[in-house]
Structure formats: C-alpha cells, structure tokens
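Please treat every number below as a calculation from the coordinates, not as lab data. Owing to the predicted nature of the structure, the values given are computational and were not obtained by experimental measurement. Every residue, glycine among them, receives a Cβ derived from its backbone with ideal geometry; neighbour counts consider all protein chains shown.
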Amino acid sequence: MLVRGKYILTSAYPEEIREGAFRITDGIISEIGKWDELNSKFPEDTVLGGKNDIIIPGLINVHGHFSESLITGIAEQYTLWEWIQALVGRTAHVLDYEMAYFGTLLSGIQMIQSGVTLVNDMFVYDPFHAKNATPGVVKALEELRLRGVVSFGAGDIRSGISVKKLLKEHEVLADASGSSKLCTFSVGIAALRVQSPKLFDESINFCKKGNFSAHIHLQEIREEVTAVRNEKGLTPIQFCSKKGLFDNPTVAAHCVWIDGDDTRILSEQSVGVAHNPISNMILASGICPVAELRSLGVNVGIGIDGAGSNDSQDMLQSIKITPLLQRVKKLQATALSSRDTFHMATIEGAKVLGVEKDLGSLEKGKRADFVILDGDSPVLANIHDPFQAVVYCAGKSEVKEVWVDGEIILKDGKVTNVSTDEVVKHSKSQAIKLVEAAGLSNLSSLIS
C-alpha cells in the first residue's frame, strides 16, 4: 500500500514532506519520500489518503487509567486527595473483570477516534472480592487492535490487602500481556504514600527480576511532596532514586511540584515524564514545568489521564491544551511551540515509553502506525502551517482513518473491530452496577 498526503509529518528527519507518501509492506514502512516518485515506482499499489490530507504518526497517550472509564463526570468539587477518597477509594474495591473489559473498550474507542494508537495504562483497583480483573484490559485492547503498555496500580495502605496477593495480580497481568501481540507489561506503583515500605521494596524487586519498566505517580501535588519529605527527609523523586526504582526504565506521571534537584535526577536517570494538563487543571493540582524539563533533556510525553479526572478521553484536546497552559504559566507566546508539542505527542512519547525504535515516527523500518487527517474538512481546508493545524485546529471529526501495524482500526470516525453500539449498551449496565456498589449515586449532593 501507498499512503499519500499533502503533508507527511514524520516526527523524524525531514520533519515534513510536502506532497509526500510512504509504502507499507507487511505492517512496516518500507519506503518514504515524494508521492510522484513512489507512485511511479509502485503504480499497482493500493493508495490510501488523499491529495489534501495530513498524515501523522499514531498519537501516544503516555498516562491513563482504564479503571476510571465508567465514572466520568463525577466529583468535580474535589482536589486530588479528596477526590481519591471520594471516588477512587470507593470504586477500587468493587471493580471486576467485566468492568475492566467494557470500560477499556469504551475509553479505547474514544482514544482511537482522537488518533491514539498506543496507551500507557495503570489499572487501579483493590482485588478484594474480584481477582484477576486486569487481564480484561488486555482482552479489550486486543479486540480494538490498540497498543498498550499495561500495569496494575498496586497499593496496600488503603486496602490492607497482603503484599503477596498484590504481587499475584502483577503476575497475572504480566502473563496476559506476554500472550498479547499488542500489549507489554509494566509494574504499576500507584504512589509512594499508598504503598507500605514492604510493598514498595517488592515492587522494585519485581521490576528488576523481570526486567520490567515501572509506572508511578510522582509529585502531582504539593501536599504529597510535603508529606513524603516529612516522613523520609527526601522528596518522592529523591527517595525513588535512592531506593533504586529508576535503575529500570520508569514513567513518572505528573511531576508538577518539582525543584532543580528533582529535575536533575529525572534527567540523569532518564526518567520519562507523563504530562497530564487537563486532569491537573480539573483537580487544581498545578502546572508541570514542561519547558524546563525538556531543556534539560528529559523526555516529556502527553497523557489523557483517567476518565474520572479528565474526564474526556480525547487526545487532541490534551495536545491543544499542552502549549496553551505553558503559555499561560509563563505569559510568553514562545513558551512551547506547536512543533514541540507535536513531537511530545509522537516520538517523544515513544521515548518516554521506550518504544522509539519501532514507533512514534514515520520512518523506513518502523511499524506502520499512522493517522489520516481529513484535508477536505472545513477545519483543515486552509493549511498554512501543518503543525499548527494539527495542534490547534484538528479535532476528532478530522480523524478520518487510524492504522496500527498496517491494519485499519478506524474508518470514517468508526472503529472497525468492535460494535460501538454494543459497547455503549453494556457499559451503561456496568456503570450503574459500579456506581451502586461503590455508593456513588448521591455523590453530587456532597457539593453543598
């Protein structure tokens, strides 16, 4: 197949190929260049895309929670710690396999509709009554044909669940991921203050023994930093470094309240940062110093975050908000450019997750994960700068097709591998079951 467009935005060198195209062979990009040249060379190839379209790499969501997929639009009145107690703490002990499965399908559809081809998920739940819920995430991602780095957000302080039982859930998810063509496993650490010293040590050991990466929330709010510093005499980042967590590849979500020493550690130990601008605003957490981190060589990707804290699962919204928030923070129009933001959503996100050799850019030899944006739509009718057009203008209605491994997973705004109507239908009953079991039915009344 040949994929053509008015603009091919590669996230590599050259960054932009006008009137360009690339060829797909067995799910791999085998050639890339000018449309006229490739069309002449391979005249019999099936042609995708159109002469006015923008072709971009598949977008990479570096942080999210499928465990929150059924609880959108609840508890806007809380900041993070209050929100965790009021919402996550109530739902964590009643989530089960079916909720994980249908919730992942529901949020996954929305992500694909906004151009996502890879998501880094942390499923946060307490395996009291229901065990082995996390493989439901893998099953759903496989059916959607959506790539995933999947983890279980383990914590024992709130739940009192034994370390042995929590480690077993890691093992179950690792096994499910090992049998998947599209998913890989990462060790989830919900946060320092939700894990006992024993569980935290065992989580690090699990990473090292299995040679797994880690996925953790770090320094999301000021209170977290103050509490850990009072307990440990160190910031959370400093403590994680001292304990050896960063010896393995690590994704640190949020990193809002960090200082120069924290930033230096992240840079020196190649910790990837997941920036989640929308959830940080909704929960009044603060603003991640994205420009400062990137200036010191820290890879920063863009995360949608969970449906309980964003609440939309639209990657293009998170992309647009990213440079706008940095400009408001610094009161400078040059704080973060559309080109930098585009890289964060593609190749830099791939670097955060350690998959840049295969994904994140449109280059010869890489997997054929890409998005076709409709250049004939009213929004993209007049493209003066394609990077600004993608970051500031494009929405879900412009996402015409999404491809993973050279296979189409979205066409004309509809996913191709599952029935959206059926997913919506089943998600409604699962959401009602979850809300009733968690006692969330009257949560809105708590505002007064």
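Select from Gln238, Gln85, Gln332 the residue whose mean-square fluctuation is largest in a Gaussian network model of the chain (Cα-Cα springs shorter than 10 Å).
Between Gln238, Gln85, Gln332, it is Gln332 that shows the largest mean-square fluctuation.
Run lengths n ≥ 4 of DSSP H only: what is the helix-derived mean residue ellipticity at 222 nm for the chain, with -39500 (n - 2.57) per run over all residues, to the nearest 500?
-10500 deg cm²/dmol
Test of understanding: ordering Ile161, Ile221 by Cβ neighbours within 10 Å, fewest first, what list do you get?
Ordered by Cβ neighbours within 10 Å, fewest first: Ile161, Ile221.
Taking the dipole about the Cα centre of the range 364-448, with the C-beta of Lys and Arg at +1 and of Asp and Glu at -1, give me whichever of Pro378, Tyr392, Val415 is farthest to the positive side.
It is Val415.
What list do you get for Phe22, Phe200 if you sort them by fewest beta carbons within 10 Å?
Neighbour counts put them in this order, fewest first: Phe200, Phe22.
In Å, the Kirkwood hydrodynamic radius of the range 271-429 over pairs of distinct alpha carbons?
Kirkwood hydrodynamic radius for the range 271-429: 17.1 Å.
Could you run the Karplus curve 6.51 cos²θ - 1.76 cosθ + 1.60 with θ = phi - 60° over the range 315-328 and give me ³J(HN,Hα) per residue in whole Hz, x for Gly and Pro?
These are the phi-based 3J(HN,Hα) values: 5, 5, 5, 5, 5, 5, 5, 4, x, 5, 5, 5, 6, 5 Hz.
Provide the net charge surrounding Leu2, with neighbours chosen by a C-beta distance below 12 Å and charges set as Lys +1, Arg +1, Asp -1, Glu -1.
Result for the local shell: -1.
Of the listed pairs Lys168/Lys433; Lys209/Lys433; Lys168/Lys320; Lys131/Lys396, which have alpha-carbon separations greater than 32 Å here?
Lys209/Lys433; Lys168/Lys320; Lys131/Lys396
So how far apart, in nm, are the two label points at Asp259 and Ser40 if each is 7 Å from Cα heading toward Cβ?
For Asp259 paired with Ser40, the spin-label model returns 6.3 nm.
Any idea what the dipole of the chain comes to, in debye rounded to 20, about its Cα centre with Lys/Arg Cβ at +1 and Asp/Glu Cβ at -1?
Using only the charged Cβ atoms, the result is roughly 600 debye.
Below 8 Å between Cα atoms, with a sequence gap of 6+, how large is the relative contact order for the range 104-205 in percent?
30 percent
Using unit Cβ charges (K, R positive; D, E negative) and no other charged atoms, how large, in debye to the nearest 20, is the dipole of the range 77-220 about its Cα centre?
My answer is approximately 240 debye.
How would you rank 207-217, 295-305, highest first, on the average number of other Cβ atoms within 10 Å across their residues?
295-305, 207-217
Can you pull the one-decimal nm distance between simple spin-label points at Lys357 and Lys411, each 7 Å off the Cα toward Cβ?
Inter-label distance under the simple model: 3.4 nm.
Quick check: Cα centre of the range 109-131 to Cα centre of the range 318-359, how many Å?
The range 109-131 and the range 318-359 have Cα centres spaced 22 Å from each other.
Using 0.36 nm per residue, how much length does the chain from Ser196 to Glu16 gain when fully extended, once their Cα-Cα distance is taken away?
59.9 nm
Counting alpha carbon pairs within less than 8 Å and at least 6 residues apart, what relative contact order, in whole percent, applies to the chain?
Over the chain, the number comes to 21 percent.
Net charge near Asn417, counting Lys/Arg +1 and Asp/Glu -1 over other residues with Cβ under 13 Å of its Cβ?
Around Asn417, the surrounding residues sum to -1.
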